[in-house]
Each structure stands twice: as structure tokens, then as C-alpha cells.
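For reference, the structure discussed in these notes is given below.
Read the figures in this text as sums done on the coordinates, not as results from a lab. Only a predicted model underlies this, so the values are computations on that prediction, with no experimental measurement involved. All Cβ positions, glycine included, derive from the backbone under ideal geometry; neighbour counts span all protein chains shown.
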Amino acid sequence: MKRSRVNEIILESDEFIRSFGIHLPPFAYWSPQQLVDKKDSISALIDARLGWDITDYGLGDFASLGLVLMTTRNGSLDDLRNGSGMCYAEKVMISRQDQVSPMHRHITKAEDIINRGGATLAIKMFESDANGKLDESATVRVATDGEPRELSPGSVLQLQPGESVTLLPGNWHEFWGEGGDVLIGEVSTVNDDVNDNVFQRPIGRFSTIEEDVDPVHLLVSDYENWL
Ligand SMILES: [Fe+2]
């Protein structure tokens, strides 16, 4: 993906998020130079990979296969292992109409996926088999806002604004905006996007960036090169 397109998507995303009356934290607006200047005092932010994540899953077709994420808080894997401390994370995400976040599961992370507003959030789901592979015959058991649900394998759960689903490790899921763009919230255990995503197809997790212009804001995947 070209850097100029990443810059546009961040501006479009900020406008979309603001249209719901939601305001992002200050670091969402820091320039690359501000991040560089602050880097010694913000190692916790850098290590937790807070910030923008615009992904096309490395396939170069953002409109069909992509997701905008802003990680607003993220705890520590050490705290999670020790069972005490900052064991949680939060993201704001945007799925555009018919823009798929491809089928995956998590190894450790449990996540509530919340439709915060906009169109319908469609989530296709499967269970895992004993080896963690997608099971095409097992009934999917999840909770939606405290209500247990049993779904046939591969069925699509439709969440309206305000509704959410709790996905546990082993719940395979793929989601997209249906009938329009959706503002999504994610409340989860500590987030480790480098190691905790298992995709059904062999795809990447981050975009490959073609540097045609300067970045307006860095992506979390830029931090290791810049900071
Ligand atoms: Fe997920």
C-alpha cells in the first residue's frame, strides 16, 4: 500500500470516528517527529504498540481485505502470565462496507467485538477442532451481551449498533461491514498482534508500505524502523 493512501485512510478514519462523538487519545495525532522527540519517555507506549494500524494483510487490496485499527490501551504479557496487573487492551476499529477481516483465531486473547455504530457488523464463525484447525461441523457456542448462543458452523452473526459478541481463543472469526461502514470497539485481554493471530490462509498481518510521500502519522508497524 502506498504511504499516501495510508495518510488518506488515517484522515478519513479520524473523521469517521469523530462523527460518532468519540475522541482519540493525544498520541493518535502526534507527528513522526514528535514521536521521535518523545521516544525516551514513551517506551511503554512503543512497547505496547499503541497507535494506528492500517492493514491490507499484505495483499494490496485494502477495499476488499483490510481493517483500520487504533490501539488505545494495551497491558503487559508479563502481567497476564502473572495473573495480576494490566491484563487488558482496547481498540477502536473500522470495517468498511464489504471489507473483510479474514478468518482467524487467537491463541491467548479473548475479545469482545462491539458494534459501536454505523451499519451492521457481520461476523462469520467456526469452532476449532482438537488441533486448532477450523472445524466445519462443530456447533459454535458464543455469548452475545451475556446471552449464550448456539450457531451452526459458518453462519453469520449480525450485530446491530450496541450489540457485541465475546470471542474466546479457538473461536474462528471473519468480519465485515454489511450495508455500510461500521465503527467497532474491541475490549480484550492483552493484545499481541505479532504472535497471537492464526489465519486460516497464509497471509500477513501488516501492510507492506511503498514510501511515495512522508508519513503524516506512523503506524505501529513503523515503530521498529523509526523509534
Ligand atoms: Fe480477532
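Shown in residue order for segment 161-175 are the 3J(HN,Hα) couplings computed by the Karplus curve 6.51 cos²θ - 1.76 cosθ + 1.60 at θ = phi - 60°: x, x, 8, 8, 9, 9, 9, 9, x, x, 7, 6, 8, 9, 9 Hz (x for Gly and Pro). Each residue of segment 191-204 was assigned a 3J(HN,Hα) from its phi angle through the Karplus expression (A = 6.51, B = -1.76, C = 1.60, θ = phi - 60°), giving 9, 9, 5, 6, 10, 9, 9, 10, 8, 5, 9, x, 10, x Hz with x at Gly and Pro.
Ranked from highest to lowest mean number of other Cβ atoms within 10 Å per residue, what is the order of the peptides 100-107, 30-37? Intermediate values should be presented prior to the final figure.
On the way: 100-107: 19.0, 30-37: 14.4.
With the highest mean Cβ count within 10 Å placed first, the list reads 100-107, 30-37.
For segment 198-227 and segment 57-116, write down the distance between their C-alpha centroids in whole Å. Taking the Cα centre of segment 57-116 as reference, the centre of segment 198-227 is 15 Å away. For segment 108-123, 3J(HN,Hα) computed residue by residue from phi via the Karplus equation (6.51, -1.76, 1.60; θ = phi - 60°) reads 10, 6, 9, 9, 8, 9, 10, 7, 8, x, x, 8, 7, 9, 9, 10 Hz, glycine and proline entered as x. Ordering ILE9, VAL216, HIS104 by the projection of their Cα atoms onto the charge dipole of the chain, which places +1 on the Cβ of Lys and Arg and -1 on the Cβ of Asp and Glu, puts HIS104 at the extreme positive end.
Averaging Cα coordinates gives a centre for segment 1-25 and one for segment 154-169; these two points are 24 Å apart. Given their separation in residues at 0.36 nm each and the Cα-Cα distance between them, ARG201 and GLU136 gain 21.9 nm when the chain is fully extended. Projecting the Cα atoms of SER207, LEU167, ASN197 onto the charge dipole of segment 144-227, computed from C-beta unit charges around the Cα centre, puts LEU167 farthest toward the positive end. Distance between the modelled labels on SER41 and GLU15, one decimal in nanometres: 3.3 nm (7 Å Cα→Cβ projection).
With each label modelled as a point 7 angstrom along the Cα→C-beta vector, the ASN225-ASP78 pair spans 3.0 nm.
How would you rank 130-137, 46-53, highest first, on the average number of other Cβ atoms within 10 Å across their residues? Can you show the working numbers first?
Values: 130-137: 11.6, 46-53: 19.8.
Per-residue Cβ counts within 10 Å, averaged per peptide and sorted highest first, yield 46-53, 130-137.
For n ≥ 4 DSSP H runs only, could you compute -39500 (n - 2.57) per run for the chain, divide by its residues and tell me the 222 nm figure to the nearest 500? List each step's numbers first, then the result.
Numbers: 5 runs with 38 residues, N = 227.
Using -39500 (n - 2.57) per qualifying helix, the result is -4500 deg cm²/dmol.
Residues of segment 102-125 falling in the label zone of GLU163, defined by backbone nitrogen less than 17 Å from a point 7 Å along Cα to beta-carbon, are 112-125. Applying a threshold of 25 Å to the alpha-carbon distances of LYS38/LYS109; LYS91/LYS124; LYS2/LYS109; LYS109/LYS133 flags LYS38/LYS109; LYS2/LYS109 as lying beyond it.
Per 0.36 nm of contour for each residue apart, how much would the distance between GLU150 and HIS23 grow if the chain were fully extended, relative to their Cα-Cα spacing?
On the way: separation 127, 0.36 × 127 = 45.72 nm, distance 3.56 nm.
Taking 0.36 nm per residue and subtracting the Cα distance, the gain is 42.2 nm.
Between LEU65 and VAL100, the built amide H atoms are under 5 Å apart, and every one of these is 5 or more places off in sequence or on another chain. Remark: C-alpha extents of the chain on the principal axes read 52, 43, 35 Å, sorted largest to smallest. The convex hull drawn around the Cα atoms of segment 74-193, when projected onto a plane and averaged over every direction, covers 7.4 nm².
Using only alpha carbon pairs under 8 Å that are at least six residues apart, calculate the relative contact order of the chain and give it in whole percent. It comes to 30 percent, rounded to a whole number.
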